[in-house]
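Here the structure is laid out as structure tokens; the discussion comes afterwards.
The values are calculated or read from the model by the stated rules, or taken from the named source; none is laboratory data. Bear in mind that the values here come from a model prediction, so they are computed numbers and not experimental data. Cβ atoms come from the backbone with ideal geometry, glycine included; neighbour counts cover every protein chain shown. The area values use the complete protein model at the heavy-atom level, side chains included, leaving out ligands, DNA and RNA. Shrake-Rupley method; radii C 1.70, N 1.55, O 1.52, S 1.80 Å.
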Amino acid sequence: MSIGNSPEDERPFEDDREAARLSVGRALKQARLDAGLTVEDVTNATRVRIAIVHAIEADDFAPCGGDVYARGHIRTLAKAVHLDPAPLVARYDAEHGGRPAPTPAAPLFEAERIRPERRGPNWTAAMVAAIVAVVGFVGFTAFKGGDDGGAKTQVAEGSTPSTSKSAKPTPKSSKSDNPKSNPSDSAIAAAPQDKVTVQVSAADGRSWISAKDHNGRLLFDGLLKQGDSKTFQDSEKINLVLGDAGAIQLYVNGKKIEDDFQPGAVERLTYTKGDPQVG
């Protein structure tokens, strides 16, 4: 008589098989319930809107605004309910065609590249002007002084340093016209007129953002923490998606965009050259 375990004893428990079949949304919901949290608690902790939390827990990712934001919301909600987000994001990618291959990011706009080149004073021209002024003054004095040679010489010699000093401020005046006397308040303020320049700042909180150029090439895809900022430039237009538009402050072609975006709102925007216009 065998005393070993029967095949039935070696089968996995029904609960284990059920857990292995949990979808992304059901796994997040079950973890939230296990943690004793309500949807409102999760919303307050993550700033993800209640409607989006309900939709994700029902495995409806359409309200997220695309795969990029769906992944971001999954990571945020998973951390809030104490789950490892990596397996859930991997499962989402497997069920929705996988994450697209990243494209090379275009070079970001740098303030130093658009500021006018600082020029020093032209000392050669100043010295030439000073010499011409001295020679002219001496000639005029000699002509006017007649045969009073001593007075002529004294006037010429006494005037030489005075004239030289009066000529040297010429480069100083030029220096005052130098762009340094009117520095740009920011890189955006000196943006080229033949391009569109967009600065995105997470002024009031963190937000996932996505930026593409006019060819659809991805410039940035990620989370901006509070206080972070990114600047993008293109020859024609910049396409933006803001995951939490209420936390974002925009400057387009040197102008601040005054908006009434609500916290948690997903906004899709397009900006072109000239006066900023929301697409």
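Tell me which of these residue 256 doesn't satisfy, since it passes every other one: (1) open to solvent by less than 30 Å² (accessible area, probe 1.4 Å); (2) touching a Leu at 6+ places or on another chain (Cβ under 8 Å).
Exception for residue 256: condition (1).
Residue pairs, Cβ under 6 Å, 6 or more apart or interchain, first in region 110-136 and closer than 30 Å to residue 198 by Cα and among the hydrophobic types (A, V, I, L, M, F, W, C), second open to solvent by less than 90 Å² (accessible area, probe 1.4 Å) and modelled with pLDDT of 50 or more. List them.
Going by the 6 Å Cβ cut-off, the qualifying pairs are 114/190.
Across region 217-235, which residue is nearest to residue 250 (Cα to Cα) among those that are of a type in the set (Lys, Arg) and outside any strand (DSSP E or B)?
Going through the qualifying residues, I end up with 225.
Looking at (1) open to solvent by less than 30 Å² (accessible area, probe 1.4 Å); (2) within 12 Å of the chain's Cα centre (by Cα), find the lone condition where residue 234 falls short.
Unmet condition: (2).
Listed residues 8, 40; which is open to solvent by 20 Å² or more (accessible area, probe 1.4 Å), at pLDDT 95 or above and of a type in the set (Asp, Glu)? I'd like the intermediate steps shown before the answer.
Working: 8 fails: at pLDDT 95 or above.
One residue alone meets the criteria, 40.
For residues in region 181-216 being outside any strand (DSSP E or B), buried (at least 18 other Cβ atoms within 10 Å of the Cβ) and touching a Gly at 6+ places or on another chain (Cβ under 7 Å), which is modelled with the lowest pLDDT?
It comes out as 188.
Any residue at all in region 239-252 that's open to solvent by 20 Å² or more (accessible area, probe 1.4 Å), in a loop (DSSP other than H, G, I, E, B) and in contact with a strand residue (DSSP E or B) (Cβ under 7 Å, 6 or more places away or on another chain)?
No, because not a single residue in region 239-252 is open to solvent by 20 Å² or more (accessible area, probe 1.4 Å), in a loop (DSSP other than H, G, I, E, B) and in contact with a strand residue (DSSP E or B) (Cβ under 7 Å, 6 or more places away or on another chain).
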